[in-house]
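> Got a structure here, written out as structure tokens. Questions coming.
The values are calculated or read from the model by the stated rules, or taken from the named source; none is laboratory data. Note that the coordinates shown come from a computational prediction; the quantities given were computed from them, not determined experimentally. Positions of Cβ are generated from backbone atoms using ideal geometry, with glycine treated the same way; all protein chains shown enter the neighbour counts.
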Amino acid sequence: MDVYLLRHAQCDANLTNQLAVDAYNSLTKQGHQQAQEIVFHLQKLNPCKVFCSTMARTRDTIRPFLQYYDQEAIYTELLAEGQLVLDKSMHETIEPKYTDSEMGSIPVVGEEPGAFLKRAELAVDMVRGSGLDRVLIVSHGHMIRELINLYVGNADQRIRFPHENVGLTSITLGDICSLNYVNRPLCSGVSNGRPDPQSFLQKRKTGI
């Protein structure tokens, strides 16, 4: 299975470098331009299905692609943004709690770290259970970081995988997990200016 992880386009909170866990944070004018620019890049991936966070900025990011190619996405609160501080704290997973919004179900305000971790695990199980050859996941920086760590079997000692707006990560799952690339910019105007973490792991056996 080929899994592609895409972070949403630029949103209002990104202008001030703030973490936005609310459902309604909107794309900026540049963000809408990015959403249009990535359409043909995503078409080359030829995903069998798109899994998308229920939050507005992810919906607006993938909407042009879905409309142009007449596809539908699976929207799930499992992929919504959350926060997990990377320190030495150990968090036991707990069942997530959700609330309703105009965007659909979203995690409750002040979500516990263990609930965020549980959502990430459930998301991995959901995608793997689809049995599809190629899937595109449209989500958020913190969630994508956690999904990568789970996919490469590195949940006990998490690695930071920074993701810029419309940055794309490619992972191939099987008996061998291949981390093909991390945070590849899909727009010419997006530059991360950060170290490339893909050299951390190219191939590693994993049960996930």
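> Go through the stretch 106-122 and count every residue that is in contact (Cβ under 8 Å) with a residue 60 or more places away in the chain, buried (at least 16 other Cβ atoms within 10 Å of the Cβ) and either out of contact with any Ser or Thr (no Cβ under 8 Å at 6 or more places or on another chain) or of a type in the set (A, V, I, L, M) (or both).
Count: 2.
> Shifting gears a bit: Can you say whether Thr54 is out of contact with any Asp or Glu (no Cβ under 9 Å at 6 or more places or on another chain) and in contact (Cβ under 8 Å) with a residue 24 or more places away in the chain, as far as the supplied structure shows?
no
> Just for the stretch 153-170: of the residues that are over 21 Å from Ala35 (Cβ atoms) and surrounded by fewer than 21 Cβ atoms within 10 Å (Cβ to Cβ), which one is modelled with the lowest pLDDT?
Applying the filter and picking the extreme gives Ala155.
> Answer yes if at least one residue in the stretch 117-131 is in contact with an Asp or Glu (Cβ under 8 Å, 6 or more places away or on another chain) and over 24 Å from Val166 (Cα atoms), and no otherwise.
yes
> Quick one: count up the residues across the stretch 171-208 that are more than 20 Å from Val135 (Cβ to Cβ), outside any loop (DSSP other than H, G, I, E, B) and at pLDDT 50 or above.
1
> Touching a helix residue (DSSP H, G or I) at 6+ places or on another chain (Cβ under 8 Å) and surrounded by fewer than 18 Cβ atoms within 10 Å (Cβ to Cβ) - does that describe any residue in the stretch 131-138?
We begin by selecting, within the stretch 131-138, every residue touching a helix residue (DSSP H, G or I) at 6+ places or on another chain (Cβ under 8 Å); these are 134-138.
Cutting the leftovers down to surrounded by fewer than 18 Cβ atoms within 10 Å (Cβ to Cβ) gives us 134.
Yes, there is a match, as at least one residue in the stretch 131-138 is touching a helix residue (DSSP H, G or I) at 6+ places or on another chain (Cβ under 8 Å) and surrounded by fewer than 18 Cβ atoms within 10 Å (Cβ to Cβ).
> Condition test on Asp125, is it modelled with pLDDT of 95 or more, outside any loop (DSSP other than H, G, I, E, B) and exposed (fewer than 14 other Cβ atoms within 10 Å of the Cβ)?
yes
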